[in-house]
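Derivation of every value follows stated rules applied to the coordinates shown; laboratory data play no part. Since this is a predicted model, take the numbers as computed values, not measurements. Cβ placement follows ideal geometry from the backbone for every residue including glycine, while neighbour counts extend to all protein chains displayed.
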Amino acid sequence: MGSEYDDSATFSEYTLGPEQLDSIERVLQNDLIDSGVHSVMLIDMAGNIIAQNDNGQCDHDLYSLAALASANFAAVDTMAKIVGEEEFSLLFHKGESENIHFSKVNPEFLLITIFGKDVTLGLLRLKVAEAIKKINEVW
Amino acid sequence: MAFVNMKTKEVQAKIVFYGPGRGGKTTNLEYIYKKFRERIPTEMVSIKTHGDRTLFFDFLPFDIGKIMGYDVKVQLYTVPGQVKYDATRKLVLKGVDGVVFVADSQVEQRKKNVLSLKNLQENLATYKKSIFKVPLVLQYNKRDLTDMPLLPVEVMEKDLNSQLKVPSFEASAVTGQNVVPTLKKIISATMASLQNVLK
C-alpha cells in the first residue's frame, strides 16, 4: 500500500521567504489596490492566507473569508468537473456595493479580490490577469 | 498543508474534526469557541442546513500563541458527517495538517464509526496522504450519556485504534470533558510534524 502514497505530501508544508512575500505584496498594492480595488488576498486551496492588502478602509474577517473562499472555489470546481468542464473561467459574485472575484493563480493558489462600483469587471479582470502573471514569476 | 510565513513569523495549520454524523464534531468546536472566546476575535462560521446539520463545514480560527518563535494560528474545521455529503467532506480535507476523529460511543453507532474511519482513510488517500502518517487523535465522545448503552472503551480501541495506535481520549463534547486535552494533543502532534521547518 505504501507506494500509493507520497510521503512528502503527508508532511507537506511550504515556506515563502520575506523577499518573495514583499514582491507579492508589491504586486497586490501596485496592480490592484492602486487601481481602486478595496481588498485583495492571495490564499492557498486549504484556506490559508499567503498575502493580503487593502485600501485601509476594510474591516473584514479575513481568516473566515479565506476559508469560505477556498471552499467555495473548490465546490464550484467540482461542479465544473461533474458537468464535464475543465473549470469555470469566471467566478464572480455581484453585490449592492461590494463584489467579489475569484481567480486561480496556479493549482495551489487563489487570488480573491473585493471591489466596489468604481472598478468595472472588465478592468478588474485585466488587472487581475496582469497581477497573476507577475505573482507566478515570483516562484 | 501548513503555510509558514517567514516575514511575519506566522504559521497557519489546518486541523479537521472528522467522524460520523451527529457524533459531536460541531459540539467540540462550539465548546472550544465558548471556552476560549477571548482568544478568538471572530465569529465561528457554520454552513448548515435548516435542520441544524452541518452542510459544508464549521470553521474556527484559533491563535495558540508562540511556538519556537512563530505565531501559530490553527484553523479548526469540521466536516459534514452524513454519508451523502462525501463530496464536500473531501473538499474540507484538502491541505489538512492534523485530524481529530470524533467517534460516537453509543452501541448503535458502532458500525458507523468504523465506516467513517474507513471513509477518512479513503478520502485522505485521494490527496495521497496515509491515515497512518497524518497526525491523528481519536476521541470517544458522549461518555456522559447515562440513558443509552455505551460501547466499552476497550471495544472502541479494538474497532478503531488497533492498527492506528494513536492517542485517544474518552470525552464529552457537551460537558467539555477532555475536549481541550484532545485539542492540545492534536496541536502538539501537528506542530511536531512541522518541526523540521520551524528550526
Which members of the stretch B:125-144 meet the condition of being outside any loop (DSSP other than H, G, I, E, B) and either within 12 Å of chain A (Cβ to nearest Cβ) or among the small types (Gly, Ala, Ser) (or both)? B:Ala125, B:Thr126, B:Leu136
Can you confirm whether the stretch B:79-89 contains a residue that is free of Cβ contacts under 8 Å to residues at least 24 places away in the same chain, within 12 Å of chain A (Cβ to nearest Cβ) and either out of contact with any Lys or Arg (no Cβ under 7 Å at 6 or more places or on another chain) or not hydrophobic (A, V, I, L, M, F, W, C) (or both)? yes
Report whether or not B:Glu122 is assigned to a helix (DSSP H, G or I), of a type in the set (Asp, Glu) and more than 14 Å from chain A (Cβ to nearest Cβ). no
Which of the residues that make up the stretch A:108-122 are in contact (Cβ under 8 Å) with a residue 24 or more places away in the chain and of a type outside the set (A, V, I, L, M)? A:Glu108, A:Phe109, A:Thr113, A:Phe115, A:Gly116, A:Asp118
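Can you name every residue in the stretch B:1-51 that is of a type in the set (Gly, Ala, Ser) and in contact with a strand residue (DSSP E or B) (Cβ under 8 Å, 6 or more places away or on another chain)? Step through it out loud before you land on a result.
First, pick out the residues of the stretch B:1-51 that are of a type in the set (Gly, Ala, Ser): B:2, B:13, B:19, B:21, B:23-24, B:46, B:51.
Once the filter is applied, which keeps residues that are of a type in the set (Gly, Ala, Ser) and in contact with a strand residue (DSSP E or B) (Cβ under 8 Å, 6 or more places away or on another chain), the stretch B:1-51 yields B:Ala2, B:Ala13, B:Gly19, B:Gly23, B:Gly24, B:Ser46.
From the list B:Lys66, B:Lys48, B:Lys112, exactly one residue is among the charged types (D, E, K, R), more than 14 Å from the chain's Cα centre (by Cα) and within 14 Å of another protein chain (Cβ to nearest Cβ). Which is it?
On the way: B:Lys66 fails: within 14 Å of another protein chain (Cβ to nearest Cβ); B:Lys112 fails: within 14 Å of another protein chain (Cβ to nearest Cβ).
Criteria check complete, one pass: B:Lys48.
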Of everything in the stretch B:123-142, what is over 24 Å from B:Val83 (Cβ atoms) and surrounded by 18 or more Cβ atoms within 10 Å (Cβ to Cβ)? Give them in sequence order. B:Pro135
